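Here is the structure we will look at.
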Amino acid sequence: MFKKAKEMIEKANKIYVVGHINPDGDAIGSSFAVYFALKNMGKDVNVIMPKYSESFAFLPGIANAVESVEEECYDLLIAVDSSVKTRLAISEKDYNKAKQVIMLDHHKTSEPFGDFQYINSEIPAASQIIYDFLTEIGCEIDKTIATYLYAGIVTDTGSFNYSSTKPSTLLIAAKLLELNIDFSEICKKLNDTIKEAKLRLIALTIDNMEVYFDGKFRYSYVSYEDIKRLGLDEEDAEGMTNYLRMVEGTEIAVAVRGKSNGTNKVSMRSNGKVDVSKIAISFDGGGHARAAGYTMPKDLETSKKELLDAVGVMLK
Ligand code: AMP
Ligand code: MN
Ligand code: MN
């Protein structure tokens, strides 16, 4: 399955690995798993990653990430956890410096990119794909790599609770546990530890909640100013949608947050009846049936109206 990608890696020396903007546990997990595996192969490799939430700071070696490409050109770019080019955490200039591109992802996307493309939207986490990828190309999975892969899989499966979880996901998790990773600590750090300010952001998100379509749709907006006022950075403001989605009778939940660049980021969750990736793709975003997102194309009020219209159609 990954034969061509294996050859591309064998020929390359200078390699960059990149995930998506607003890096989550799966983008970080898959990027660094590839990074450490290629390092073990003796490659000259770097991860490109923008600022990440402090909750990931415990991961070994995460501080090695760089923000851009120093060289004029490099042999290979490996993009993980995004098949939308504009969502990669790399500038167009740095992308174009790559002689070749490998892309490994699990999102539904309309316009994939790269000289080698592998997308499997049946797999719940890019990190699960990376496990198969590294195993197939003959890399040994060590404890550090396993820690990253486990963090990625746990993030995107809601700790193996989402319906996207496959028997193969649990089999791989078992293999990772055999490497003596501190799985309990990984979960505690990723899912079970927040700053007080984040608790206050959750309160504000709930306070701002609006309810439509007989409770089937829940929407909330938090401005960038509010996020800052609470003492948080924008990357700390992820994950708000889940609280709205928990309310009984909810089919779709949306949390919108203002970003420092003036745009508004939409985070959508579905409880299963509606494929929210269809809504996200219609606004130039992407994602999965139950979790998708996009950047509002217009001002907040206009884009909110358009979203309500799209949700109304889907709920019919
Ligand atoms: P989030 O709500 O940010 O956690 O994102 C939910 C899912 O949708 C993730 O799988 C993201 O990768 C995807 N997603 C979020 N925003 C975008 C976007 N602007 N374009 C494409 N996919 C997105
Ligand atoms: Mn991701
Ligand atoms: Mn993912």
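The values are calculated or read from the model by the stated rules, or taken from the named source; none is laboratory data. Remember, it's a predicted structure, so these values are computed and weren't measured experimentally. Neighbour counts are summed over all protein chains in view; Cβ atoms, including those assigned to glycine, are modelled from backbone coordinates with ideal geometry. Note: accessible area is taken over every heavy atom of the protein model, side chains too, but ligands, DNA and RNA are not part of it. Shrake-Rupley method; radii C 1.70, N 1.55, O 1.52, S 1.80 Å.
Scanning segment 238-259 for residues that are at pLDDT 95 or above and part of a loop (DSSP other than H, G, I, E, B) gives M240, M246, V247, E248, G249, T250, E251, K259. Inside segment 222-237, residues that are within 21 Å of the chain's Cα centre (by Cα) and either within 21 Å of F56 (Cα to Cα) or in a strand (DSSP E or B) (or both) make up a count of 8. I'm told V69 meets every condition in (1) closer than 27 Å to K4 by Cα; (2) open to solvent by 60 Å² or more (accessible area, probe 1.4 Å); (3) assigned to a loop (DSSP other than H, G, I, E, B) except one. Can you identify the failing condition by its number? It fails just one condition, (2).
When you go through A89, A98 one by one, which is the residue that is away from ligand 2 (no atom under 12 Å from the Cβ) and either within 30 Å of S159 (Cα to Cα) or outside the structural domain of G293 (by TED's automatic domain parsing) (or both)? Quick ask: steps written out before the conclusion?
Details: A89 fails: away from ligand 2 (no atom under 12 Å from the Cβ).
Just one listed residue meets the conditions, A98.
All of D182, D214 fail the test of being within 27 Å of V18 (Cα to Cα) and surrounded by fewer than 22 Cβ atoms within 10 Å (Cβ to Cβ), apart from D182.
Inside segment 260-286, residues that are assigned to a loop (DSSP other than H, G, I, E, B) and either outside the structural domain of K298 (by TED's automatic domain parsing) or more than 8 Å from ligand 1 (Cβ to nearest atom) (or both) make up a count of 10.
Against the test of being outside any helix (DSSP H, G or I) and either closer than 27 Å to A33 by Cα or touching a strand residue (DSSP E or B) at 6+ places or on another chain (Cβ under 7 Å) (or both), the options I145, I181 yield a single qualifying residue, I181.
Within segment 284-293, identify whether any single residue is in contact with a Pro (Cβ under 9 Å, 6 or more places away or on another chain), under 19 Å from S159 (Cα atoms) and within 16 Å of ligand 3 (Cβ to nearest atom), and answer yes or no.
Here is the first cut: in segment 284-293, the residues in contact with a Pro (Cβ under 9 Å, 6 or more places away or on another chain) are 284, 288.
This time we only want the ones that are under 19 Å from S159 (Cα atoms), so: 288.
Next, only the ones that are within 16 Å of ligand 3 (Cβ to nearest atom) stay: 288.
Within segment 284-293, one or more residues are in contact with a Pro (Cβ under 9 Å, 6 or more places away or on another chain), under 19 Å from S159 (Cα atoms) and within 16 Å of ligand 3 (Cβ to nearest atom).
When every residue of segment 9-32 is checked against the conditions, none turns out to be basic (K, R), at pLDDT below 95 and more than 28 Å from E185 (Cα to Cα).
Among the residues of segment 79-94, those identified as modelled with pLDDT of 95 or more and either within 27 Å of T165 (Cβ to Cβ) or crowded, with 18+ Cβ neighbours inside 10 Å (or both) are A79, V80, D81, S82, L88, A89, I90, D94.
Is it fair to say F56 is modelled with pLDDT of 95 or more and within 16 Å of ligand 1 (Cβ to nearest atom)? When the stated conditions are applied, F56 passes them.
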